[in-house]
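Below is one structure, written out as structure tokens, with a few remarks after it.
Just so you know, all these numbers are worked out from the coordinates, no wet-lab data involved. Keep in mind that this is a model prediction, so the values were computed, not measured. Cβ: placed from backbone, ideal geometry, glycine included. Neighbour counts: every protein chain shown.
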Amino acid sequence: MTGPLPHAARAEIERIRDRYPQPRSAILPALWVVQHEHGHVTPEGMEDVANVLGLARSDVEAVATFYSMYFQKPHGRHEVLVCINVSCALRGADDIVTHLERSLGCPSGGTTEDGAFTWGSTVECLGGCGGAPAMQVDHHFHENLTPQRVDDILGRIRELETTAEAPLKPQRRRGGKAPR
Ligand code: FES
């Protein structure tokens, strides 16, 4: 979905703005609001953020394009990142990548036809080396992967989507706060 942000999302950004002495400090959480609303950081969303924060649009764009966690184009409802660095490579990351490519039906960097998953295998370390091979799905970490475990994890997400009222949105990071 694109277009201007709905009223509730703008109000959320105003609330976030009012928590900081400098409106500029609210750019990151405001962009999360846009991404949660539209699925990616849309030009209209950045315009809205700039207006609410009283900043130039170029200030907001500079931040949005600097950080890879802000998506510049439509993205799957769930994000899968597979680590391919040394520890994971030694413990079978290549097999996981090959398996994902086959089971999701698109190459690394692609999105499944149904828009459920965008996945990538260019991550250099997820910080889960002790449980290699590792992947991250919507900010959750999964370790000691096998092709079967990958199928189970993604299958559970698909199952939840069919039973949930609305498509699931990204959840909490490990040991951190929800991204908004
Ligand atoms: S090398 Fe894969 S998580 Fe660190």
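Would you please state which residues of the stretch 64-100 a label at T2 would reach in this model, taking the label point 7 Å out along Cα→Cβ and a backbone N cut-off of under 11 Å?
73-74
Can you tell me, using C-alpha contacts under 8 Å and at least 6 residues apart, the relative contact order of the chain as a whole percent?
Details: 274 pairs, mean separation 33.1, N = 180.
Reported relative contact order: 18 percent.
For the chain, set up a Gaussian network in which alpha carbons nearer than 10 Å are linked by springs, and say which option among S87, S121, S58 fluctuates the most.
S58
When the chain is treated as a GNM, springs tying every alpha-carbon pair under 10 Å, which of A30, A50, A134 comes out with the largest mean-square fluctuation?
Highest fluctuation among the options: A50.
Do the sum for the chain: with -39,500 (n - 2.57) for every DSSP H run of n ≥ 4, divided by all residues, what is the mean residue ellipticity at 222 nm, to the nearest 500 deg cm²/dmol?
Details: 7 runs with 78 residues, N = 180.
That calculation yields -13000 deg cm²/dmol at 222 nm.
If I model a spin label at D94 and T146 as a point 7 Å from the Cα along the Cα→Cβ vector, what separation in nanometres do I get?
2.0
Within a 10 angstrom radius of the beta carbon, how do C83, C125 rank from fewest other beta carbons to most? The partial results should precede the final answer.
Details: C83 28, C125 14.
Lowest to highest Cβ neighbour count: C125, C83.
Does anyone have the angle between helix 7-17 and the longest principal axis of the chain? Alpha-carbon axes, 0 to 90°, nearest 10?
The angle comes out at about 80 degrees.
Build a GNM of the chain with springs between Cα atoms under 10 Å: which of M135, M46, M69 gets the top mean-square fluctuation?
M69
If I model a spin label as a point 7 Å beyond the Cα along the Cα-Cβ vector, how far apart are those points for H40 and S87 in nm?
Here the modelled spin labels are 3.2 nm apart.
Rg and Dmax of the chain, Cα atoms, in Å?
Calculated on Cα positions, Rg and Dmax stand at 17.7, 50 Å.
Using Cβ-Cβ distances only, list the Cys residues of the chain with no partner cysteine under 4.7 Å, sorted by number.
C106, C125, C129
How many angstrom lie between the C-alpha centres of the stretch 129-149 and the stretch 20-36?
30
Packing-wise, with mean Cβ within 10 Å as the measure, how do 91-102, 151-162, 10-21 rank, highest first? Don't skip to the answer; put the middle values down first.
Numbers: 91-102: 17.4, 151-162: 13.1, 10-21: 15.0.
In decreasing order of mean packing, 91-102, 151-162, 10-21 become 91-102, 10-21, 151-162.
Relative to the first principal axis of the alpha-carbon coordinates of the chain, what is the inclination of helix 57-66, with its axis defined by its Cα atoms, in degrees from 0 to 90 and to the nearest 10?
10
Out of the stretch 15-49, which GluC sites (Glu not before Pro) are coil in DSSP terms and have no more than 15 other C-beta atoms within 10 Å?
Values: sites: E37, E44, E47; in loops: none.
Hits after loop and neighbour filter: nothing returned.
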